Amino acid sequence: MTADFPSFGLRLALVLLLSVAVCSLHGGQSAAQTAGQVPAADAAADQRDLSIARDNAGDRLLAEGRPAEALAAFREGLAIRERLAAGDAGNPQWQHDLSVSHDRIGDALVAQGQPAAGLAAYRASLAIRERLASAEPANAVWQRAVSVSHNKISDTLVAQAKLDEALAAHSAALAIAEKLVIADPANTNLLQDLAVSHTRIGDTLAAMARHANALVSYRMGLRVRQRLANRDPANAEWQRHVTMSQDRIGEALYARGELDEALAVHRENRALREQLAAADAGNTTWQRELAISNNRIGNVLAEQGQHADALAAYRASLAIFERLAAADPANAVWQRDLAVGLEGIAKARLQQGNQGEAIAALERVLGIARALMRRNPDDYSARLMSVVPLLQLGRLRDGRAGLPLLREGLGTLKLLADTGRLEARYKLWIPTVEAAIRAKEAQAARE
């Protein structure tokens, strides 16, 4: 149970005490009769506590990269909330709680690589929230919830490469966020929502390769976040939101080939993240995001041909990822981060002509992916993670030695595509890998 609600036993004790007092005032009405009017509401509150506890458990599991277990917890919470909503269909709080369960189930399904099922869950949530918002147009909480649903739907549509639909949904969320901020300009939560909406529109435009337009949206989001951060410089979370916007601006500049500008933004961002990490050395989020900045800098330097500097940035990133992964080996997210760090090392060493260290790094990436798949055979992201080292190792090895790896990588891509778990951009890899296999087969025939 959460701290917001007293325990069932304590509530019942208070009810019984009150009923004794009422009995004395109303001519001997029994305490049992008076108390008997309360347990239905009392038990409902207790059940709501239980659903919140299931949500909290699911959130932790999802953060640890265990979406199947998170999904089970969220569905337990949904079952409780469906019973509560069925018992009191006119209770808007039960309806809102029901929408929250659908949202969380959508999050878990998307994390499992089931975007179509996730989208259905998000739309079920949106339908409930639109009914609540329509019934109470002045209720900012209900209106804000509709905006959140639009954003979740849009993110999922982006993953499915349905970008025009995604942009329309994000624009609907932005319209609500702007309206709410106009009505309550001092509300920091609503200002954060506005920044998020600008950022997500930027993400969608970037996925459409409209990087100039994406930059405009990212910079609008940054202005809002910078305003909040300037209002309270001691608020580390608001400072972090600034770094998130700057990170995207740097990536959009990188995608446009504006490498000097991208490098300057990422270096400025790294400096801010270094300050956050130094101020709270035990905060793993700050540490992780510092590692991401170093990785981004490595990517830009590698593109510029500054291979030694790129390798140094990648090593700084990897050192943090190694520490985090060692501190919690069961954390699948940190294991994936470690794989990203190793891929950077492989990239830099290949550019420097050092195949030995590159191969060793790629073999570690493949080992991480396979370990995650053994832990959770339905882990879509781990399967996808295995493809890059399989293809790179397959190409680096001569003739027959490389063929099994290339074929395994192709088989994984086709499996994910056939089950609807492969994003459109990765489907473009399939003909490229098929061509590489044909070339390897020809090489093997000549050996």
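Just so you know, all these numbers are worked out from the coordinates, no wet-lab data involved. Since this is a predicted model, take the numbers as computed values, not measurements. Note: ideal-geometry Cβ built from the backbone for every residue, glycine included; neighbour counts use all protein chains shown.
Summary table below
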quantity: Gyration tensor verdict on the chain (Cα atoms; rounded if a/c is under 1.5, prolate if a/b is larger than b/c, oblate otherwise); calculated: prolate
quantity: CD proxy at 222 nm, helix term only [per DSSP H run n ≥ 4: -39500 (n - 2.57); per residue of the chain; nearest 500]; calculated: -28500 deg cm²/dmol
quantity: Summed residue charge, Cβ within 12 Å of residue 350's Cβ, Lys/Arg positive, Asp/Glu negative; calculated: +1
quantity: Positive-end residue, the chain charge dipole about Cα centroid, Cβ charges, pick of 235, 380, 410; calculated: 410
quantity: Förster radius 35 Å - calculated FRET efficiency between residue 187 and residue 123 (Cβ-Cβ, nearest 0.05); calculated: 0.80
quantity: Count, lysine Cα pairs under 20 Å in the chain, 8 or more residues apart or across chains; calculated: 5
quantity: Backbone N within the range 234-249 under 20 Å of label point (7 Å from residue 216 Cα along the Cβ vector); calculated: 245-246, 248-249
quantity: Cα-projected label distance for residue 136 with residue 264, points at 7 Å along beta-carbon direction, nm; calculated: 4.9 nm
quantity: Whole-number D in µm² s⁻¹ for the range 104-201, Kirkwood Cα-pair radius fed into Stokes-Einstein, 4 °C, 1.567 mPa s; calculated: 96 µm²/s
quantity: Estimated vicinal HN-Hα couplings, Hz - the range 91-102 in sequence order (Karplus 6.51, -1.76, 1.60; Gly, Pro = x); calculated: 7, x, 5, 4, 5, 4, 4, 4, 5, 5, 4, 4
quantity: Prolate/oblate/rounded label for the range 45-150 (Cα gyration tensor, a/c 1.5); calculated: oblate
quantity: Residue-wise HN-Hα coupling along the range 191-206, computed from phi with Karplus coefficients 6.51, -1.76, 1.60 (Hz; x: Gly, Pro); calculated: 5, 5, 4, 4, 4, 4, 4, 4, 5, 5, 4, x, 4, 5, 4, 5
quantity: Most to least packed among 318-327, 388-397, 243-252, 412-421 [average Cβ atoms within 10 Å]; calculated: 243-252, 388-397, 318-327, 412-421
quantity: Pairwise centroid distance, computed over Cα atoms, of the range 303-320 with the range 325-339, Å; calculated: 20 Å
quantity: Distance from the range 58-111 to the range 409-447 (C-alpha centre basis), Å; calculated: 38 Å
quantity: The range 237-284-the range 380-398 distance, computed between alpha-carbon centres (Å); calculated: 29 Å
quantity: Computed over the chain: relative contact order in percent, which uses C-alpha pairs under 8 Å that are six or more apart; calculated: 8 percent
quantity: Listed peptides 253-260, 276-283, 221-228 by packing density, highest first (mean Cβ within 10 Å); calculated: 221-228, 253-260, 276-283
quantity: Most to least packed among 153-159, 269-275 [average Cβ atoms within 10 Å]; calculated: 153-159, 269-275
quantity: Cα-projected label distance for residue 445 with residue 47, points at 7 Å along beta-carbon direction, nm; calculated: 6.9 nm
quantity: Cα-based shape type of the range 362-447, given that a ≥ b ≥ c are square roots of the gyration tensor eigenvalues and the cut on a/c is 1.5; calculated: oblate
